[in-house]
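Engineer: This structure is in C-alpha cells; I'll ask about it shortly.
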Amino acid sequence: MAETQTSRSHWGSRIGFILAAAGSAVGLGNIWRFPYMAGENGGSIFILLYLACILFLGLPIIVAEVMLGKASQSNPVGAFKALDGPRSPWQVVGFMGVLAAFVILSFYSVVAGWCIGFIYKSVTGVFQPGHSAEEVAAIFGEMVGSVRTQGLCHGLFMILTVGIVLAGVRRGLERWTEILMPVLIILLLLLVGYGLTRPGAMAGLEFMLKPDPSKLTGRTVLDAMGQCFFSLSLGMGAMLTYGSYMRREDRAVGSSFWVVVMDTGIALLAGFAVFPMVFAFGQQPDAGPGLVFKTMPAAFLQMPGGTWVALAFFILLLFAALTSAISLLEVVTAYFIDEFGMSRRTAAVMFGAICFLMGMGCVYGDGYLGFLDNLQGNFLLPVGALFISLFAGWKLDRQIAQVEFEGQWYGVAFGAWRWCIRIAAPLLVLLVILNAWGLFDRLFQG
Ligand code: TRP
C-alpha cells in the first residue's frame with residue numbers, strides 16, 4: 001500500500017507540473033491569437049518563423065525558466081534574489097514580469113469574455129442553424145459594440161478567475177485539463193476534417209503551407225517571436241512559478257519538452273481548422289482579433305447540430321482560457337503574498353479588480369486591446385525572455401543547469417541548450433527587437 005502510494009504520488013507530481021504548465025500554455029494564444037496573427041502576417045511565412053522561434057527560443061527558454069523556478073523555489077522576483085543575492089539588479093526582470101501579468105490578464109479576460117458571450121448566444125438560440133458568415137459577423141460585431149454585454153462577460157470571467165485562485169481548487173481544475181485537453185484536440189481534428197472537405201478549402205491550405213517571401217518583414221519576425229513567448233507563457237515568470245512547485249527529483253527538461261509539443265501542436269491544429277474554412281467561406285484571413293470568433297461559428301452553423309458544436313467549442317475554449325488566466329493571476333498573487341505578506345484573499349481580489357478596470361479600457365476604447373497586446377507581445381515578453389536567457393546562461397551555476405539534463409542524449413542536449421541560451425537566443429531576441437524599433441532602417445539608409 002505504502003509503495004503504491006509513493007509510486008502514485010511520484011507520478012502524480014510529474015504529471016502535475018505538466019498539466020499545470022500545459023494548462024497555462026494552451027489557451028486563447030493557440031486558438032484565438034495564433035490564427036489571427038498568422039492571418040495578418042501572410043500565413044505560411046509567419047508559421048515557418050513561429051516554428052523556428054519555438055525551436056531556438058521557446059524550447060531553451062522554457063527550460064531556463066522552469067530551471068530558475070526549481071532552483072530558487074520562489075516567485076519571479078524572489079527567484080533572482082535567491083540565486084543572485086538580496087540586492088540583485090536582476091530583480092527588475094521579475095518586476096517586469098509582474099507588470100506583464102497585469103497587462104496580459106486585463107485584455108485576456110476581455111477576449112475570454114467573448115467566449116462567455118458566445119456560450120450564452122448558443123444556449124439562447126441567437127445562433128441559428130444555417131446562419132451565414134455575414135450574419136455571424138454581425139452578431140459578433142453587435143457583441144463587441146455593446147459596452148454592457150462585453151463588460152459583463154469580461155467581469156464574469158474575472159470573477160471566475162479570482163474565485164478559482166481563492167478557492168484553491170486549482171489542482172482540481174488541472175485534473176480537468178487531463179480530460180478536456182484531449183476533447184479539445186478531438187474537436188479540432190474534426191473541424192480540420194470538416195474544413196478541408198469544403199469546396200475552396202485548398203486555398204486555405206496553400207495560404208498556410210506555401211511561403212510567400214514578399215511577406216517577410218521585420219514586423220513579421222517580431223510578431224512570430226512575440227507569439228512564441230505568449231503561447232508558451234514565457235518571459236514573465238509564469239513557467240518559473242510553476243517550476244518552483246516542482247520536486248527535486250523531477251527534471252525540467254523532459255516535462256518542458258512535452259508542454260512545448262502539446263502547445264505547438266494545438267496551435268497548428270487551430271490553424272488547419274481555421275484557414276481552410278476562412279477561404280471556403282470567402283472571408284479574409286487578415287480580419288484581425290475577431291477572425292476566429294467570426295469564422296468558427298459560421299462553419300459550425302452549417303453542420304448538423306451546429307449550435308451544439310458551437311456550444312462545446314466555446315466551453316472548451318473558455319476552460320482553456322481559465323487555466324491560462326489563473327496562471328497569470330497566480331504570478332501576481334504569489335509575488336504580493338511572498339514579498340509583502342499580503343493574504344491570498346486580499347491579493348487575488350485586489351489584482352483581479354485592477355485587471356478588470358484596466359480591461360474595461362478595451363471595452364470602451366477601440367484600439368486599446370491592440371495596444372495592450374502589442375505592448376506585451378512585442379516588448380514586455382521579448383525583453384523579459386532576453387534577460388531570463390542571459391541570467392540562465394551567464395549567471396546561473398553551470399551545475400544547477402546540468403543536472404536537469406541527466407538522462408538520454410545528456411551531453412548533446414546540454415551543449416545545444418547552453419549554446420542557445422548563452423548566445424543564439426539573446427542575440428536573436430535583441431536583433432529582432434532592435435530591428436522592429438527601426439535601428440537597421442536608419443543604419444542602412446545611411
Ligand atoms: N499562454 C497562454 C495562451 O496561450 C496565455 C498566458 C498564460 C500567458 N500565462 C501567460 C502568456 C504568461 C504570457 C505569459 O493563451
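Engineer: Regarding segment 310-332, can at least one residue be identified that is closer than 22 Å to residue 21 by Cβ, of a type outside the set (A, V, I, L, M, F, W, C), out of contact with any Gly (no Cβ under 9 Å at 6 or more places or on another chain) and open to solvent by less than 20 Å² (accessible area, probe 1.4 Å)? It would help to see each step written out before you state the result.
Structural biologist: Initial filter on segment 310-332 (closer than 22 Å to residue 21 by Cβ): 316-332.
Next, only the ones that are of a type outside the set (A, V, I, L, M, F, W, C) stay: 323-324, 327, 330.
Narrowing the set further to residues that are out of contact with any Gly (no Cβ under 9 Å at 6 or more places or on another chain) leaves 330.
Filter again for open to solvent by less than 20 Å² (accessible area, probe 1.4 Å), leaving 330.
Yes, segment 310-332 contains a residue that is closer than 22 Å to residue 21 by Cβ, of a type outside the set (A, V, I, L, M, F, W, C), out of contact with any Gly (no Cβ under 9 Å at 6 or more places or on another chain) and open to solvent by less than 20 Å² (accessible area, probe 1.4 Å).
Engineer: Further question on the same structure: Of all residues in segment 90-121, how many are within 12 Å of the ligand (Cβ to nearest atom) and of a type in the set (Gly, Ala, Ser)?
Structural biologist: 5
Engineer: A further question follows. Please enumerate the residues belonging to segment 344-358 that are over 22 Å from the mean Cα position of the chain (by Cα) and open to solvent by less than 30 Å² (accessible area, probe 1.4 Å).
Structural biologist: 347
Engineer: Limited to segment 359-398, what total is found for residues that are surrounded by 15 or more Cβ atoms within 10 Å (Cβ to Cβ) and part of a loop (DSSP other than H, G, I, E, B)?
Structural biologist: Qualifying residue count, segment 359-398: 1.
Engineer: Which residue out of 127, 118, 95 is part of a helix (DSSP H, G or I) and either in contact (Cβ under 8 Å) with a residue 24 or more places away in the chain or surrounded by 18 or more Cβ atoms within 10 Å (Cβ to Cβ) (or both)? Steps first, answer last, please.
Structural biologist: Numbers: 127 fails: part of a helix (DSSP H, G or I); 95 fails: either in contact (Cβ under 8 Å) with a residue 24 or more places away in the chain or surrounded by 18 or more Cβ atoms within 10 Å (Cβ to Cβ) (or both).
Going through 127, 118, 95 in turn, the sole match is 118.
Engineer: If the Cβ limit is 9 Å and pairs must be 6+ apart or interchain, which residue in segment 286-297 that is of a type in the set (Gly, Ala, Ser) and modelled with pLDDT under 95 pairs with which residue that is in a helix (DSSP H, G or I) and open to solvent by less than 10 Å² (accessible area, probe 1.4 Å)?
Structural biologist: From segment 286-297, the pairs are 287/39; 287/278; 287/295; 288/39.
Engineer: Now a separate question. Take the residues of segment 133-170 that are modelled with pLDDT under 90 and outside any helix (DSSP H, G or I): which is farthest from residue 345 (Cα to Cα)?
Structural biologist: 169
Engineer: Yes or no: segment 184-206 includes at least one residue that is assigned to a helix (DSSP H, G or I), within 13 Å of the ligand (Cβ to nearest atom) and touching a helix residue (DSSP H, G or I) at 6+ places or on another chain (Cβ under 7 Å).
Structural biologist: Taking every residue of segment 184-206 in turn, at least one turns out to be assigned to a helix (DSSP H, G or I), within 13 Å of the ligand (Cβ to nearest atom) and touching a helix residue (DSSP H, G or I) at 6+ places or on another chain (Cβ under 7 Å).
Engineer: Quick one: is residue 296 farther than 25 Å from residue 432 by Cα and touching a Lys or Arg at 6+ places or on another chain (Cβ under 6 Å)?
Structural biologist: Numbers: farther than 25 Å from residue 432 by Cα: yes; touching a Lys or Arg at 6+ places or on another chain (Cβ under 6 Å): no.
The answer is no for residue 296.
The values are calculated or read from the model by the stated rules, or taken from the named source; none is laboratory data. No experiment lies behind these values; they were computed from the predicted model shown. A quick note on method: Cβ atoms are made from the backbone with ideal geometry, for glycine too, and the neighbour counts reach across all protein chains shown. What goes into the accessible areas is simple: the full protein's heavy atoms, side chains included, and nothing from ligands, DNA or RNA. Shrake-Rupley method; radii C 1.70, N 1.55, O 1.52, S 1.80 Å.
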